[in-house]
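First comes the structure, then the notes that go with it.
What follows is calculated from the coordinates using simple rules that are stated; it is not laboratory data. Just so we're clear, the structure is a prediction, and the values are computed from it rather than from any experiment. Neighbour counts run over all protein chains shown; Cβ positions are idealised from the backbone, glycine included.
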Amino acid sequence: AAKYRPFPPIRLTDRTWPDQVISKPPIWMSTDLRDGNQSLIEPMNPERKLRFFEMLVKIGLKEIEVAFPSASQTDFDFVRKLIDEKRIPDDVTIEVLTQSREDLIRRTVESAVGAKRAIVHLYNAVSPSFRRIVFGMSREEVKQIAVAGTRLIKELTSAHPETEWVFQYSPETFSMAELDVAKEVCDAVSEEWQPTPERKMIINLPATVECASPNVYADQIEWMHRNIARRDSILISVHPHNDRGTGVAAAELAVMAGADRVEGCLFGNGERTGNVDLVTLALNLYTQGVNPGLDFSDIDAVRKCVEECNQLPVHPRHPYVGDLVFTAFSGSHQDAIKKGFAQQQPDGIWEVPYLPIDPADVGRSYDAVIRVNSQSGKGGMSYLLEQEYGFKLPRRLQIELSRAIQRITDATGKEVGAGDIYDIFRSEYLDR
Ligand code: KIV
Ligand code: ZN
C-alpha cells in the first residue's frame, strides 16, 4: 500500500470556478499527427498523414500540430510539403513541436518558414522526478533551458516576418510538478517572449501522465489561471492524457476552471492510453446545447478515415461512434425508445429515453437502434416487422411470435434480423 504516494491536495480558500457548465467551446487543437502519430506501431506515411490532415481541416479544426520535425526526416518533409504545395487553408494554423536544444530548434523553425501562420511549440519537463531521475537538474537549470529555447525561437522567427509566428510553451509533466515551479518557469518564458493581449502566446499545461483524479488537474489549472503572470496576454491550454481513464472529465473540469484551449486526438489516440478524445468532448458539448464548432455530422466517415490512417480500430462501445452505442437489445430499453420516438417533443427538444443524442445528428440511421436477440421482448421484433414489412401484429400474436423467436435465439445465442423474424413468422403462421 505504501508503494504509491497519494496526490497532495491543493487548498483553494475562495473557490470561484467560473461555471458549473461549459457555455462556449474551447479553442481545439488536434495533435493526431504528432502525439497520436508518435504512439502508433507504424507511424503514418506522408499519404496517410495528408489524408488525416485534410479530414481534420474538413471537420473544422483550425489548429493542427502536424509534426515533430526534428525527430524524423519524414516529419520535416511533411511540414515542407504542406507549405510548399499550399495545402494549408488560410484560416488553419499548423503547429510544430521541439525540445529546447539549439540544433533541434533551428531545424523546427526551418520546417515552418513560409507558412502563413505557425505555432512553434517548445517543451521541457519540469517535475521533481524528471529533474532528479531523467535529467539530474535543479529547478533553476530547468528554467534556464526553457528561457534559452524561447530566446532562440524569438531570434530565429523574427528573421522571417512573412510568417505570423505564435509561440507555445509546455512545462512537460506539469501535473506532477510543484505549482510554484511551473509558475516560475512559465513566467520566465513569457517575460522572455513578451506577449501582448493582441499577440498572445500559449501556455500549455500537459498532464503528460494522468496521475490524479480530474478535479485535482482542474485545481492545478485554476491555480495557474489565477496566479500566472501576464494572464491577459496568455492563452491557457490543457493537454490531458487518459492514464486513469478520466481524460475527458479532466478536460471538461479544466475548461470550467479557466482553460481557453484543449489539445487532444480524435477517438483518443495518443501515447499509452491516449490523449483526451476530442470527438467525445465536442459531442458532449453538442448534447448540452453548445455548438462545438466541429462537424461530426458524418461520424462514420471520420471514423473510417481515422481507423485507416492510424491502423487502429475504434471500440464498438466508444461514445457517440461505436457500432453498438445506439443499439438496444433489451426489451425494456426497446420499449422506452419506441415510446420516445412516438412522442417527439413539439418544441423539438430531443427526449428519447436511453439515447443521449439523436443518431441522425451524427449521420447514423435508426435501423441499428433496435436489434433482437434472446434479451429482447415482443416490442423489438414487432417494431422491426412493422418498419421493414409494414405488419402490425395484434398483441396476442406478438406474444406468441416473440416466444418462438426467443426459443430460437436462446438455442443459437445469436441475434436475428428483420428478415429472420419475417421468415419465422411465415413458417409459423403463413406457410402452414
Ligand atoms: O504529454 C505531453 O506532455 C506532451 C508534451 C510534448 C506537450 O505531449
Ligand atoms: Zn502528450
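Summing +1 for each Lys or Arg and -1 for each Asp or Glu among the other residues whose beta-carbon sits under 9 angstrom from that of Gly363 gives -2. Per-residue ellipticity at 222 nm, computed for the chain from helices alone with -39500 (n - 2.57) per DSSP H run of at least four residues, works out to -12000 deg cm²/dmol. For segment 255-316, chymotrypsin sites (Phe, Trp or Tyr not before Pro) are listed when DSSP marks them as loop and at most 13 other Cβ atoms sit within 10 Å of their Cβ; the list is empty.
Based on the Cβ-Cβ distance from Arg317 to Arg403, what FRET efficiency comes out when R0 is 35 Å, to the nearest 0.05? E(calc), rounded to 0.05, equals 0.70.
Counted by neighbouring Cβ atoms within 10 Å, the residues His239, His318 run from fewest to most as His318, His239. The angle between the Cα long axis of helix 247-256 and the main principal axis of the chain comes to about 60°, on a 0 to 90 degree scale.
Of the trypsin sites (Lys or Arg not before Pro) found in segment 292-370, those that fall in a DSSP loop while having at most 11 other beta-carbon atoms within 10 Å are Arg317. Residues of segment 90-128 with backbone nitrogen within less than 13 Å of a virtual label 7 Å along the Cα-to-Cβ line of Gln194, please, listed as ranges. Under 13 Å, as judged by backbone N against the label point of Gln194, lies no residue of segment 90-128. Segment 162-209 and segment 97-149 have Cα centres spaced 11 Å apart. Work out how much length Ala411 to Glu388 would gain on full extension: take 0.36 nm times their residue separation and subtract the Cα-Cα distance, in nm to one decimal. So the extension gain works out to 5.8 nm. Applying a DSSP loop filter and a limit of 16 other Cβ atoms within 10 Å to the GluC sites (Glu not before Pro) in segment 177-237 leaves Glu178, Glu198.
Distance between the modelled labels on Ala368 and Arg226, one decimal in nanometres: 4.5 nm (7 Å Cα→Cβ projection).
Over what distance in Å are the Cα centres of segment 28-57 and segment 241-293 separated? With segment 28-57 and segment 241-293 each reduced to a Cα centre, they are spaced 18 Å. Residues whose amide H lies under 5 Å from that of Asn242, counting only those 5 or more places away or on a different chain, are Glu210, Thr273, Gly274; hydrogens are built 1.01 Å from N in the peptide plane.
Counting only other residues whose beta carbon sits under 13 Å from that of Ile105, what net charge do I get with K and R as +1, D and E as -1? Taking every Cβ under 13 Å from that of Ile105, the sum is +1.
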